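Worksheet for the structure shown next.
The values are calculated or read from the model by the stated rules, or taken from the named source; none is laboratory data. Treat the numbers as computed from the prediction; the structure is a model and nothing was measured. As a convention, Cβ positions derive from the backbone with ideal geometry for all residues, glycine included, and neighbour counts pool all protein chains shown. These area figures cover heavy atoms from the full protein model, side chains too; ligands, DNA and RNA do not enter into them. Shrake-Rupley method; radii C 1.70, N 1.55, O 1.52, S 1.80 Å.
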Number of protein chains: 2
Amino acid sequence: MPFRKTNILNHTQTKRPFLTQTQNENKQTLIRPKKKNVSKTETPLKFVPLGGLEEIGRNCSFFEYKNEIVLIDAGLQFPEEETPGIDYIIPNVSYLREKKENIVGLILTHAHYDHIGAIPYIIDDLGNPPIYATPLTKAIVLKRQEDFPNSPKLNIVEIKNGDHLKISEYFEASFFGVPHTVPESTGVVLHTPIGNIVHFSDFRIDYDEKGKPQGLDEFKKVGQMGVHTLMVDSTNAEKEGYTLSEKIVAKNLEEIFKKSEGRIIVATFSSLLDRIAQIINIAEKLGRKVTFSGYSMKANVSIAQNLGYIKTKPGTIIALEDIHKYKDNKILILSTGAQGEPNASLMRIINGEHRLIQIKKGDTVVLSSSVIPGNERSVQNVKDNLARQGAIVYHSDLVDIHSSGHAPKEDQKLVMNLIKPKFVVPIHGYYFMRAANALNAIEAGIPKENVFLMDNGQVAELYKNKFIISEETIPAFYVMVDGLGIGDVEEVVLRDRRNLAKEGMLVLIATIDKRSGQLLKSPDIISRGFIYLRENQPLLEEIRKKIRGIIARLHGQDYGSDYLKTLMREQISNFLYHKTRRRPIVIPVVIEI
Amino acid sequence: MPFRKTNILNHTQTKRPFLTQTQNENKQTLIRPKKKNVSKTETPLKFVPLGGLEEIGRNCSFFEYKNEIVLIDAGLQFPEEETPGIDYIIPNVSYLREKKENIVGLILTHAHYDHIGAIPYIIDDLGNPPIYATPLTKAIVLKRQEDFPNSPKLNIVEIKNGDHLKISEYFEASFFGVPHTVPESTGVVLHTPIGNIVHFSDFRIDYDEKGKPQGLDEFKKVGQMGVHTLMVDSTNAEKEGYTLSEKIVAKNLEEIFKKSEGRIIVATFSSLLDRIAQIINIAEKLGRKVTFSGYSMKANVSIAQNLGYIKTKPGTIIALEDIHKYKDNKILILSTGAQGEPNASLMRIINGEHRLIQIKKGDTVVLSSSVIPGNERSVQNVKDNLARQGAIVYHSDLVDIHSSGHAPKEDQKLVMNLIKPKFVVPIHGYYFMRAANALNAIEAGIPKENVFLMDNGQVAELYKNKFIISEETIPAFYVMVDGLGIGDVEEVVLRDRRNLAKEGMLVLIATIDKRSGQLLKSPDIISRGFIYLRENQPLLEEIRKKIRGIIARLHGQDYGSDYLKTLMREQISNFLYHKTRRRPIVIPVVIEI
């Protein structure tokens, strides 16, 4: 059977360099696979990951059977160094847009933006299908919709873990609780004509303080249903060992809080609602009032309170405006900004721009999150500035005050042993992480030929007894959100941004008499990000002289302005490189009067 | 005494936000401190760190006594996210330039670029003083000078560890070996009129396989001299525990090499010469030929061979061109590029651009270095691509195949206990790291009032029995190297680069009749990095219409071109923000004919 098996041991596809991927894949066309040896009577279930398999974020995938399509998650990805100025990257739904009438549902696994954040941007393209979500996920999705008044009214079907429901003719779904860092995180068993597909999304295992795993029964029950394929989160699959118990995190936080003689400021992600609930509990136990700083922190806590996930005695939660009414050692502030995000509450506090809080000597600041790759320098800046201002700083490199929401190696194997799938597709994470999880699957007893590493946009065909990665691919390249524009920032624009950032630019304007071809005035030069022109007048004068020379040499010739522009670009670029060893973008403009 | 004591417990200075620092400090003037209560007869020894105390890199400091100045190290710093397009950041020597006739020597502690890399840029400003360096450091400095034909001939005095020599009237120096990752790393005891100053620069402790520390006698001997102040490397001062033994690293590498059935490619820093020597030894032991890929790898190995730090049997080292003459399991390639640097050898191998090597299935690739903060994404890319191409990848997150050259907590305390200084100044590292090392010093028994956290450019005055941080500061702000320019890239240029990278720019050219004030032609619009203009003609047309409207409304008024430019900038910026929610840099140009 001449299909491309893409498992870890014979994967030979060479990855295109990252930067050109978007451009190349723009030109991608749909290749119909040749199929042989597959029963003509059996229709495959197609599985397509649209995002999350070559990045962290942008999680989105779909299943297609005959004329029915079910999506799982619609997340966004934060911009990267290579995509400067971009707001978000979202899943590419150009394939789905053409088939929107076939979409029977979008299932959301949990309330994190890398799983729900793309909804306002793509829901119209999907034909606004029913969205299946738990009450908390629903509330957070609806809260976000408020920022998108032009997005259609969503059609959300409330589900709860334990539910089993019929979505369409060919799809039924069972939902089961998976431990993660936000309440109501959901695993999905999709009952399809070819078998049961389990899609976990993000998960970890909860341990008690003694290291005993909790809630394994849920996974066991799923395994007892008989599982065809398991799609499994690989974010931490490289990490050795087991999930750090949230109970230990709580114990360590409590110890730090007890030691603290002044105010306590805990910075964490507003999406880590389980942690936030726990911190509030500890504060209450120690007799501290709790208050919140940062828009998303307030919004999420309010939702969790309404749904009963955060319960406090009357008087525990106070307004930020009232903190001066209490002694310092009776205050705990929950704040956004643990990653050093420039506009988040903690950064405003540090920079003296917060309207109510400044750091003072004796404050204890706890950074209860891991550092997202790329944020190391800004977190270092946060720690330096807090320490300089007299705060006592705790972060998770020093003491276990954060536990990831993603299962490491041993937890992966534990779960795979309970679910006992026939086939495994590691999802969520860069190739190397997924390859590590493929090895975990093999160590858990899955035959290596049944473990598949896919790329975004690849199409898997699932038959009752087969799993095939077909030669068909569908567009999965980056769609970028920048301001109001969706998908209109192209690689050429990003390339310009990257180049402008490197050496800046120079616009050379030659204003020319249409008839004589002579300069009507001295050439104008505009520059940004190259050198400080005010202090470099001699260089400017030399550039003007060069331009005059170019035009003088053309005198009497019947040249087009394009030719003049080419000469200006090449000769001035070379001149500047020779003089400065820099290569700004040189943009010649010829104005003919 | 109204001096500012800047030790960890009463440091109240608020750090200026990083981005504005350069600008502000430009305007800094020399403030003469008021001194009281210090014996009029005692001249202090001044100590000034010029770099390395608020960053990693750019290590440079000097001591001044009466009319004599001794420098230690002259390193460079690699650019940061906030300094796009910059080649290097180097120490600010504007204070020293004015006093170059007083400079009696520059002592180099070891051959790493963050300690020697600024020499070609600043040696002229220092008056080309004698440079004190060991043979290996000297050879690497001279090799680099070849790239700077206009730099003066250096005056290098060869020293070796154990030497004691008189530098000038007031300064003598003893050199002692400190363990680091490059041979001939040197600690300095500066014998001065006020006492012995120990300046370590980078160091760690070597352990044997059983965990027994090696070579502590050197530190003990230094302690026996009686030490006034210790300046001590803080890069890893936050890390718990002891240095990982290089013997264990070697053992783990040997195990990986033994398991490997194909070629072995080890990527590491070319500056980790101790590691490189060890890898070559293991390869030889296992009967593999060794070859090198990457310019700096070849250059450094050749220097280390000449000086006897790399010794091999004849035939062990082969030319890269000859690898096809041997079986895959007889080859080991040492390559640059462990950080995913775009032009390094490993990246060219991965991208299929290397003239002699491609990755093939069964290759083992070992990344034997830590990931420098900021490089996480490119290292991830390296791992992903290697795994996709069929290589077996080992990196130091998974197995101990790298040991840092910087001492962690327990080693710090061990050394401080042996040196027994009266005063301690943690150097090398961000504030938080240095604050952590201040705590280490206190735990090692140094009274907390004798531990000083300084900033770059602060001036410490050392008396026989006192250590004072004076109110005097000298310029220590960034000096940037960009192409041929040194120090001519100003904050305004960098700010433009950062803004250009975010949303791009738009140049609006209005060509106007000087007399009538009317447009002579349709406005020209040039844009880069904003939106793709070819596909946005309607927006362009609207901008032109707006400009025409602005000029029409001014008709008959005697306006200056500056007023017109202001209107164009403001109105078009607002219009674009309204239409796109983006804020490109808008540059209006008015050409009057």
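Here are a few things to note about the model shown:
- Residues in the range A:421-443 that are in a loop (DSSP other than H, G, I, E, B), buried (at least 20 other Cβ atoms within 10 Å of the Cβ) and on the phi < 0 side of the Ramachandran plot: A:Pro421, A:Tyr430.
- Among the candidates B:Arg275, B:Arg204, the residue that is basic (Lys, Arg), assigned to a loop (DSSP other than H, G, I, E, B) and surrounded by 23 or more Cβ atoms within 10 Å (Cβ to Cβ) is uniquely B:Arg204.
- Taking the criterion of being closer than 19 Å to A:Ile427 by Cα and either small (Gly, Ala, Ser) or within 14 Å of another protein chain (Cβ to nearest Cβ) (or both), the residues of the range A:460-493 that qualify are A:Ala460, A:Ser470, A:Ala476.
- Of all residues in the range A:503-532, those satisfying the criterion of being buried (at least 19 other Cβ atoms within 10 Å of the Cβ) and farther than 19 Å from A:Asp562 by Cα are A:Glu503, A:Gly504, A:Met505, A:Ile526, A:Ser527, A:Arg528, A:Gly529, A:Phe530, A:Ile531.
- Given (1) assigned to a helix (DSSP H, G or I); (2) aliphatic (A, V, I, L, M); (3) within 14 Å of chain A (Cβ to nearest Cβ), number of the condition B:Leu418 does not satisfy: (3)
- Considering the range A:449-459, the residues that are assigned to a strand (DSSP E or B) and hydrophobic (A, V, I, L, M, F, W, C) include one that is nearest to the other protein chains (Cβ to nearest Cβ), namely A:Val451.
- Of the residues in the range B:85-97, at least one is open to solvent by 30 Å² or more (accessible area, probe 1.4 Å) and in contact with a strand residue (DSSP E or B) (Cβ under 6 Å, 6 or more places away or on another chain).
- Per this entry, B:Ser470 is not counted among residues that are open to solvent by 50 Å² or more (accessible area, probe 1.4 Å) and either touching a Ser or Thr at 6+ places or on another chain (Cβ under 7 Å) or of a type in the set (S, T, N, Q) (or both).
- When B:Arg377 is tested against (1) within 30 Å of B:Glu449 (Cβ to Cβ); (2) part of a helix (DSSP H, G or I); (3) open to solvent by 40 Å² or more (accessible area, probe 1.4 Å); (4) of a type outside the set (Phe, Trp, Tyr), only condition (1) is not met.
- Residue list for the range A:491-529, restricted to those being assigned to a loop (DSSP other than H, G, I, E, B), within 32 Å of the chain's Cα centre (by Cα) and in contact (Cβ under 8 Å) with a residue 60 or more places away in the chain: A:Gly504
- Condition check for B:Leu484: under 30 Å from B:Asp147 (Cβ atoms), open to solvent by 50 Å² or more (accessible area, probe 1.4 Å) and either without any contact (Cβ under 8 Å) to a residue 12 or more places away in the chain or within 48 Å of the chain's Cα centre (by Cα) (or both): yes
- Against the numbered list (1) of a type outside the set (A, V, I, L, M); (2) under 38 Å from the mean Cα position of the chain (by Cα); (3) assigned to a loop (DSSP other than H, G, I, E, B), A:Glu472 comes up short only at (3).
- Selection status of A:Ile446, within 24 Å of the chain's Cα centre (by Cα), more than 10 Å from chain B (Cβ to nearest Cβ), part of a loop (DSSP other than H, G, I, E, B) and aliphatic (A, V, I, L, M): no
- Within the range A:208-216, not a single residue is in the same structural domain as A:Glu461 (by TED's automatic domain parsing), in contact with a Lys or Arg (Cβ under 8 Å, 6 or more places away or on another chain) and of a type in the set (A, V, I, L, M).
- Selection within the range B:26-78: residues that are polar (S, T, N, Q) and at pLDDT below 95. The member of this set that is surrounded by the most Cβ atoms within 10 Å (Cβ to Cβ) is B:Gln77.
- Output for the range B:197-217, where each listed residue is within 28 Å of the chain's Cα centre (by Cα) and of a type outside the set (Lys, Arg): B:Ile197, B:Val198, B:His199, B:Phe200, B:Ser201, B:Asp202, B:Phe203, B:Ile205, B:Asp206, B:Tyr207
- Leading residue by the ranking (nearest to A:Asn450 (Cα to Cα)) among those in the range A:216-271 that are open to solvent by 20 Å² or more (accessible area, probe 1.4 Å) and among the aliphatic types (A, V, I, L, M): A:Met225
- Enumeration of residues in the range A:530-556 that are more than 14 Å from chain B (Cβ to nearest Cβ) and in contact (Cβ under 8 Å) with a residue 40 or more places away in the chain: A:Ile551
- In this structure, A:Ser302 qualifies as surrounded by fewer than 16 Cβ atoms within 10 Å (Cβ to Cβ), assigned to a helix (DSSP H, G or I) and not basic (Lys, Arg).
- Test: residue in the range B:427-447 that is closer than 30 Å to A:Asp488 by Cβ and not aliphatic (A, V, I, L, M): no
- Taking the listed residues B:Glu541, B:Glu535, B:Glu592, the one that is surrounded by fewer than 18 Cβ atoms within 10 Å (Cβ to Cβ) and under 21 Å from A:Ile525 (Cα atoms) is B:Glu592, with no other qualifying.
- Scanning the range B:557-593 for residues that are more than 14 Å from chain A (Cβ to nearest Cβ) and farther than 25 Å from B:Ala501 by Cα turns up B:Gln557, B:Asp558, B:Tyr559, B:Gly560, B:Asp562, B:Tyr563, B:Leu564.
- Just one residue in the set A:Gly337, A:Gly362 is assigned to a loop (DSSP other than H, G, I, E, B), modelled with pLDDT under 95 and within 12 Å of another protein chain (Cβ to nearest Cβ); that residue is A:Gly362.
- Counted residues, the range B:380-397 - those being in contact with a Leu (Cβ under 6 Å, 6 or more places away or on another chain) and either more than 8 Å from every other protein chain (Cβ to nearest Cβ) or open to solvent by 20 Å² or more (accessible area, probe 1.4 Å) (or both): 1
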